[in-house]
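**Student:** What follows is a structure written as structure tokens; I'll ask about it next.
The values are calculated or read from the model by the stated rules, or taken from the named source; none is laboratory data. All of these numbers come straight from a predicted model, not from anything done at the bench. Note that we place each Cβ from the backbone using ideal geometry, even for glycine, and neighbour counts take in every protein chain shown.
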């Protein structure tokens with residue numbers, strides 16, 4: 001048999017991946033933008049056990065977890081070193097903010113928001129647009145950068161983005177400056193941004 005050489009955990013992963021392909025293929029019938037493919041691979045037994053344990057703990061399949069891991073790699077991790085990004089403990093960043101006053105935190109955000117996002121977005125998405133800038137805020141800053149949690153809704157003619165974080169008021173001041181500078185320099189937008197000690201609310205007017 002084709003899979004006789006695989007262990008139980010390896011076979012389970014292949015089975016999960018195959019199941020996902022079937023489900024995705026059904027979805028493809030109604031969405032031409034979704035294309036799936038089959039890949040089988042061998043992994044260390046210890047890794048397989050950890051994946052299974054984590055999947056069980058989270059109440060999802062190993063396949064769903066693998067898709068999440070691969071998505072993060074394709075969308076972010078493969079660019080991380082090229083974008084000169086590092087991972088630091090939240091407490092370290094928060095401690096740095098505590099060493100400066102609110103006005104300096106805001107000014108630092110303004111300064112960093114002028115060119116840094118432009119270079120990152122251009123390398124990552126290859127073009128600058130409203131959608132690529134918002135995707136930068138959602139994925140690079142929030143989902144993978146772990147600065148905060150991202151939420152977005154559309155109300156009437158406004159697109160509203162809310163970021164919740166644990167960096168305190170100085171963190172909000174820094175993000176206020178950074179995001180104001182980001183939207184102004186990337187898109188020439190003077191968007192309405194409101195802050196609290198633990199959140200940022202960005203309101204963008206949608207042009208008809």
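**Student:** Only one residue in 78, 57 is farther than 21 Å from residue 145 by Cβ and part of a helix (DSSP H, G or I). Which one?
**Tutor:** Just a single option satisfies the conditions, and that option is 57.
**Student:** A further question on this structure: All but one of (1) farther than 19 Å from residue 86 by Cα; (2) touching a residue at least 60 places away in the same chain (Cβ under 8 Å); (3) in a helix (DSSP H, G or I) hold for residue 117; state the number of the condition that does not hold.
**Tutor:** (1)
**Student:** Among (1) more than 18 Å from residue 86 (Cα to Cα); (2) in a loop (DSSP other than H, G, I, E, B); (3) at pLDDT below 95, where does residue 145 come up short?
**Tutor:** Tallying (1) more than 18 Å from residue 86 (Cα to Cα); (2) in a loop (DSSP other than H, G, I, E, B); (3) at pLDDT below 95, residue 145 fails exactly one: (1).
**Student:** While we're looking at this one, here's another question. Determine the pairs where a residue that is free of Cβ contacts under 8 Å to residues at least 12 places away in the same chain, located within the range 81-102, has a partner that is loosely packed, with under 10 Cβ neighbours inside 10 Å with Cβ atoms under 7 Å apart, the partner being 6 or more residues away or on another chain.
**Tutor:** Listed by first residue and then by second, the contacts come to nothing, as the list is empty.
**Student:** Identify, from the list 163, 110, 140, the residue that is more than 22 Å from residue 84 (Cα to Cα) and surrounded by 15 or more Cβ atoms within 10 Å (Cβ to Cβ). Explain how you work it out, then say what you get.
**Tutor:** On the way: 110 fails: more than 22 Å from residue 84 (Cα to Cα); 140 fails: more than 22 Å from residue 84 (Cα to Cα).
So the residue among 163, 110, 140 that is more than 22 Å from residue 84 (Cα to Cα) and surrounded by 15 or more Cβ atoms within 10 Å (Cβ to Cβ) is 163.
**Student:** Taking residue 173, is it crowded, with 16+ Cβ neighbours inside 10 Å and either touching a strand residue (DSSP E or B) at 6+ places or on another chain (Cβ under 6 Å) or in a helix (DSSP H, G or I) (or both)?
**Tutor:** On the way: crowded, with 16+ Cβ neighbours inside 10 Å: yes; either touching a strand residue (DSSP E or B) at 6+ places or on another chain (Cβ under 6 Å) or in a helix (DSSP H, G or I) (or both): yes.
When the stated conditions are applied, residue 173 passes them.
**Student:** Would you mind telling me which numbered condition in (1) at pLDDT 95 or above; (2) not in a loop (DSSP other than H, G, I, E, B) residue 154 fails?
**Tutor:** All conditions pass for residue 154, except number (1).
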